Amino acid sequence: MSYSPDRKSGSPTKSQVLKRPRPLSLPDQALKYVIMKMQLQSHHHYSSLSPSTASPSPHSEPDLSSGFNSLTLDPPGPDSTSLLSDELLLSIFAKLPISQYLPNSLVCKRWLYLHGRLVQSVKVFDWGFLDSGRVFARFPNLTEFDIVHACIRSPRNSGILVTRKALTVHIDSLFSPNGFIEESDVLKNSVVDDGLRLIASSYPNLRRIAVIGASENGLLRIAEDCQTLQELELHCCGDLALKGIRACRNLQIVKLIACVDGFYKAVISDIGLTILAQGCRRLVKLELCGCEGSYDGIKAIGQCCQMLEELTLNDHRMDGGWLASLPFCGNLKTLTLQSCKDIDSSPGPDEHLGFCPTIEELHLRRCQVRDKHGVRALFLVCEAVRDIVLQDCWGLEDEVFAFASICRRVKLISLQGCSLLTTGGLESVLLCWKELQRLRVVSCNNITDSETTPALATLFSVLKELTWRPNTRSLLSSSLAGTGVGLKGGRFFKSLKP
């Protein structure tokens, strides 16, 4: 039932008579002009067919209603791609660059569906997208799934972005003494496990998954249903949670992030490392972030995972003496230490250390190397190393770097951000390496060109690769050579003299 005001019958009032018509606005004038042109064209067309049709007066106003009635839209053209099968279109789309996937998915609903079948890797930020099942209908053929950010409640519209190790989250401006993430900000284990069950039932061919806060039950479901799983990334997990991945017989790459300062705290000790070693015997690459442990845990990994080639320790909390367990990794080729506060607090006597015969690369990034005993023990264990990369290491003085001369088979040395190392300390070690072929020195401010000796210059001449940018001052002076810039009383000031 609608309401309308009563209208009084009778003659119009004076205000109604004197009221002027509203002038046409710019859009109305444009619409009026378009309709008039359409009417004139239509009249010209029909007048050519029937000369007896009378033409309207040029001064007469057009009829707007007739203009709208005569306005018709042309039917859309035929869709040529409708004749092609989905398999043929998929083969065509697969040959396009990945950057074209998203624009192509906006063409029509069919292309959107086909685009979802091409996507194999997804990083989910909204848990509702997973819990509602929309992600499974949108992307039916996923092989890589990352739900770490979806498991953390964070303000998505915040302009504050914090990155710590492998985790990047949005935070608000409120400060909490417990860190950037409260315990309540992470989804409960039962909720995460339910999501893992949905993923396991929808993607049996899953090859990689990244998750935070999962328990043994959820990981066990993934291990049982996804037999082809090869890569696993676990955040904020403890020792007992690792029981769930014992059934992952084909795991080759594992990344365990137990504790991240300011975000979350979990404990992975020798118990968890032993469980991992006994269950995943085909590991090729292992990365431990914020994990505790000791000699026993690394020894179990070396004895059980005989195919392990790469081991990375990020901010490790290992007990003293863990370096002596590295020789049990009989196939280890690359050892990486990142953001470690110390190398080994108590390495023990040299005769108990041993060495890794297959080691090829040693990387130290953002580590504190002030402990001379730990650094010396590291080079003793990695005596057979061929490539050494030292980047932004604190406390790398000449005396500490001299321990690198223990390694006699070095072919590549890369130094970046080692500001305490001098030219003399570098030369004393380089001349000991008879097989050296590649040298990179970048941003080492205490190494200068003026202190380069003839012996060091001769070594540079026989190298296959040389990158020499020890400090920004030498780089700037070499780039400005011959320009007169930087000299006292340069060209610019001389031209201003009267």
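The values are calculated or read from the model by the stated rules, or taken from the named source; none is laboratory data. From a predicted model like this one, the values you see are computed outputs, not experimental measurements. When we count neighbours, we look across all protein chains shown, and the Cβ atoms used for this are built from the backbone with ideal geometry, even at glycine. When the accessible area is computed, the model is the full protein with side chains, heavy atoms only, and any ligands, DNA or RNA have been set aside. Shrake-Rupley method; radii C 1.70, N 1.55, O 1.52, S 1.80 Å.
Given R0 = 22 Å, the distance between the Cβ atoms of GLU451 and SER419 translates into a calculated FRET efficiency of 0.90. The slack between ASP146 and SER80, meaning 0.36 nm per residue of separation minus the straight C-alpha distance, is 20.0 nm. For the range 350-449, the relative contact order comes to 25 percent (Cα pairs under 8 Å, sequence separation of at least 6).
When a/c reaches 1.5 or more, the comparison of a/b and b/c decides; with that in mind, is the range 247-397 rounded, prolate or oblate per its Cα gyration tensor? Don't jump to the answer; show the numbers that get you there.
Values: a/c = 1.57, a/b = 1.21, b/c = 1.30.
Verdict is oblate for the range 247-397.
Ordering 353-362, 107-116 by mean Cβ neighbour count within 10 Å, with the highest value first, yields 353-362, 107-116. Close amide-amide hydrogen proximity is noted between THR452 and no other residue 5 or more places distant or on a separate chain, at a cut-off under 5 Å (H modeled in the peptide plane; Pro and chain starts excluded). If R₀ is 41 angstrom, what is the calculated FRET efficiency for the pair GLU231 and LYS464, using the beta carbon separation as r and rounding to 0.05? Efficiency at R0 = 41 Å is approximately 0.75. In the range 120-308, Cα pairs under 8 Å separated by at least six residues give a relative contact order of 16 percent.
Computed from backbone phi, the HN-Hα couplings of the range 452-469 come to 6, 8, x, 5, 5, 5, 5, 5, 4, 6, 9, 6, 6, 9, 9, 10, 10, 9 Hz, rounded to whole numbers (Karplus: 6.51 cos²θ - 1.76 cosθ + 1.60, θ = phi - 60°; Gly and Pro given as x). In terms of the mean number of neighbouring beta-carbon atoms within 10 Å, the peptides 133-140, 454-461 order highest first as 133-140, 454-461. In the range 120-308, what percent of the accessible surface is made up of carbon and sulfur (1.4 Å probe, ligands and nucleic acids excluded)? Carbon and sulfur atoms account for 48 percent of the accessible area of the range 120-308. If you plug the beta carbon distance of ALA94 and PHE129 into 1/(1 + (r/R0)^6) with R0 = 30 Å, you get a FRET efficiency near 0.75. Ranked by the mean number of other Cβ atoms within 10 Å of their residues, highest first, the peptides 416-424, 122-130 fall in the order 416-424, 122-130. The amide H of ILE212, built 1.01 Å from its N in the peptide plane, has HIS235 as neighbours under 5 Å, considering only residues 5 or more places off or on other chains. Separation of the range 325-351 from the range 374-453 is 18 Å, based on Cα centroids.
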